[in-house]
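Structure first, then comments.
The values are calculated or read from the model by the stated rules, or taken from the named source; none is laboratory data. Predicted, not measured: the structure shown is a model, and the values here were computed from it. Note that each Cβ is placed from the backbone with ideal geometry, even for glycine, and that neighbours are counted across all protein chains shown. Areas reflect the complete protein model, heavy atoms only, side chains present, ligands, DNA and RNA absent. Shrake-Rupley method; radii C 1.70, N 1.55, O 1.52, S 1.80 Å.
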Amino acid sequence: MTTGARKNEQQEFWRGEFGTDYINRNSASSAELRARLTLWSRILDCIKGEEPTGILEVGSNIGNNLRALRLLSGAQIFALEPNSEARKILVEDNVLPQEYVFEGVADMLPFEDSSIDLVFTSGVLIHIHPNDLERSMREIHRVSGKYIVCIEYFSDKPEAIPYRGHTDKLFKRDFGGYYMDLFPELKLIDYGFSWKRASGLDNLTWWVFKK
């Protein structure tokens, strides 16, 4: 499904050739699935007894998180992704049916207020320019009906990191702290760290918030 999403440099970067090349570097391997199952088992355990009935990944790529969530949750799952090739793979691999795959970006989500119980990003906020970050996080908060999950690289101070020969394409900060600064009413349910050497994933910090 297509939306009238606004465009900026970072968004066009991921819609284009670099975003498609990213797919080839992040295939849906069995090792990746096992690692994502471990990560999401820990996250979902934090909300056991109050499981979401709907889950949206903002910036799903080919759905490595969603492939794990299908095995762990009975929720209705939605994906939002700017890259057309990634959306095509989501459907062709039967990760999600076409009607649950949306074209779009984080700062203009095509969903009603509080319409999806759990909304999350994984390695997506790091690629949003700081000038657009607050708007994107406010959209995620708007659409979430109950939970926000944030899985991103961490830095105790905002910093831009060179990314595969490109500048202004990767930004680290304390994303969990920024959520709490923007939305003081959020309740922190839990947080954790996925150590690359043990997890098989990148060094990711995750937070689970409840509205």
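Tabulated results
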item	result
Close pairs from the stretch 60-73: first closer than 16 Å to residue 98 by Cβ and small (Gly, Ala, Ser), partner open to solvent by 20 Å² or more (accessible area, probe 1.4 Å) and not in a helix (DSSP H, G or I), Cβ under 8 Å, at least 6 apart	63/28; 63/93
The stretch 144-155 - residue that is in contact with an Asp or Glu (Cβ under 7 Å, 6 or more places away or on another chain) and under 20 Å from residue 184 (Cβ atoms) and, of those, most open to solvent (accessible area, probe 1.4 Å)	146
Condition broken by residue 104, with the remaining ones in (1) under 25 Å from residue 28 (Cα atoms); (2) in a strand (DSSP E or B); (3) of a type outside the set (A, V, I, L, M) satisfied	(2)
Residues located in the stretch 110-133, provided they are surrounded by fewer than 23 Cβ atoms within 10 Å (Cβ to Cβ), among the polar types (S, T, N, Q) and either under 10 Å from the mean Cα position of the chain (by Cα) or assigned to a helix (DSSP H, G or I) (or both)	131
Residue tally, condition without any contact (Cβ under 8 Å) to a residue 60 or more places away in the chain and surrounded by fewer than 16 Cβ atoms within 10 Å (Cβ to Cβ), over the stretch 168-179	1
The stretch 192-211, residues that are part of a strand (DSSP E or B) and either without any contact (Cβ under 8 Å) to a residue 60 or more places away in the chain or over 20 Å from residue 144 (Cα atoms) (or both)	192, 193, 194, 204, 205, 207
Extreme residue, surrounded by the fewest Cβ atoms within 10 Å (Cβ to Cβ), among residues of the stretch 78-92 that are in contact with a Gly (Cβ under 8 Å, 6 or more places away or on another chain) and aliphatic (A, V, I, L, M)	89
Selection count, the stretch 136-167, where residues are free of Cβ contacts under 8 Å to residues at least 60 places away in the same chain and among the aliphatic types (A, V, I, L, M)	3
Residue within the stretch 93-106 that is aliphatic (A, V, I, L, M), out of contact with any strand residue (DSSP E or B) (no Cβ under 7 Å at 6 or more places or on another chain), open to solvent by 10 Å² or more (accessible area, probe 1.4 Å) and more than 18 Å from residue 137 (Cα to Cα) present	no
Output for the stretch 189-207, where each listed residue is among the aliphatic types (A, V, I, L, M) and exposed (fewer than 13 other Cβ atoms within 10 Å of the Cβ)	198
Residue match in the stretch 159-167 (condition: of a type in the set (Asp, Glu), closer than 27 Å to residue 41 by Cβ and either open to solvent by 20 Å² or more (accessible area, probe 1.4 Å) or assigned to a loop (DSSP other than H, G, I, E, B) (or both))	no
Scan of the stretch 169-191 for residues that are part of a loop (DSSP other than H, G, I, E, B), within 19 Å of the chain's Cα centre (by Cα) and of a type outside the set (A, V, I, L, M), ordered by number	169, 174, 183
Residue 146 vs. criteria modelled with pLDDT of 95 or more, of a type in the set (Lys, Arg) and not in a loop (DSSP other than H, G, I, E, B)	yes
